[in-house]
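To start, the structure itself, in structure tokens.
Each reported figure results from applying straightforward, stated rules to the coordinates on display, with no laboratory input. Only a predicted model underlies this, so the values are computations on that prediction, with no experimental measurement involved. Note that each Cβ is placed from the backbone with ideal geometry, even for glycine, and that neighbours are counted across all protein chains shown.
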Amino acid sequence: MPAIPESTKTSLAQRLRAHAKNKWPPLTTVHVRYHGQFAYVAGELADGDRLPLMRLRYGGSAHRWGSAIYVASKDSYEDQNWFTGTVEDVFDLVCDLHVTNTGS
């Protein structure tokens, strides 16, 4: 798989931050870091805590991503082959699991 283009990196981060701002007020920001074909997404809470949320695997275009949900008990990511949807949809799924339960 080719490397993630800079324009796609920028677009992905902007999309996730805008979505979080509108739908997930407990998150003060969304951090996205890249390594190879992966984008690692974490949310930051008001107290500064960062929650690993998900890993996305670049699928060759800005709208094709594989998803893996962060599993705290394993301190790793679990691929979600059954999940189909936008990156915003998977973001909502992981926030339902991780952010809703923070007590924020």
Review point. Counting alpha carbon pairs within less than 8 Å and at least 6 residues apart, what relative contact order, in whole percent, applies to the chain?
Key: 20
Point to revise | Cα-based shape type of the stretch 1-78, given that a ≥ b ≥ c are square roots of the gyration tensor eigenvalues and the cut on a/c is 1.5 | key: oblate
Check your understanding: Which angle from 0 to 90°, rounded to the nearest 10, does the C-alpha axis of helix 87-98 make with the longest principal axis of the chain?
Key -> 30
Practice item. Using only Cα atoms, tell me the angle between helix 6-23 and the longest principal axis of the chain; keep it within 0 to 90° and round to the nearest 10. Key: 30
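Helix-only mean residue ellipticity at 222 nm, the chain, DSSP H runs n ≥ 4 weighted -39,500 (n - 2.57), per residue, nearest 500. What is it? Can you show the working numbers first?
On the way: 2 runs with 30 residues, N = 104.
My calculation for the chain gives -9500 deg cm²/dmol from helical runs alone.
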Study note, to complete from the structure: Dipole check, the stretch 31-104, charges on Cβ (K,R +1; D,E -1), about Cα centroid: among Tyr40, Ala72, Thr100 the Cα furthest to the positive pole belongs to Tyr40
Review point. Which of the listed residues, His63, Thr86, His31, is farthest toward the dipole's positive end in the chain, when Lys, Arg count +1 and Asp, Glu count -1 at the beta-carbon?
Key: His63
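Nothing charged except the Cβ atoms of Lys and Arg (+1) and of Asp and Glu (-1): what's the magnitude of the dipole of the chain about its Cα centre? Round to the nearest 20 debye.
Values: 11 positive and 11 negative charges, 66 e Å.
My answer is approximately 320 debye.
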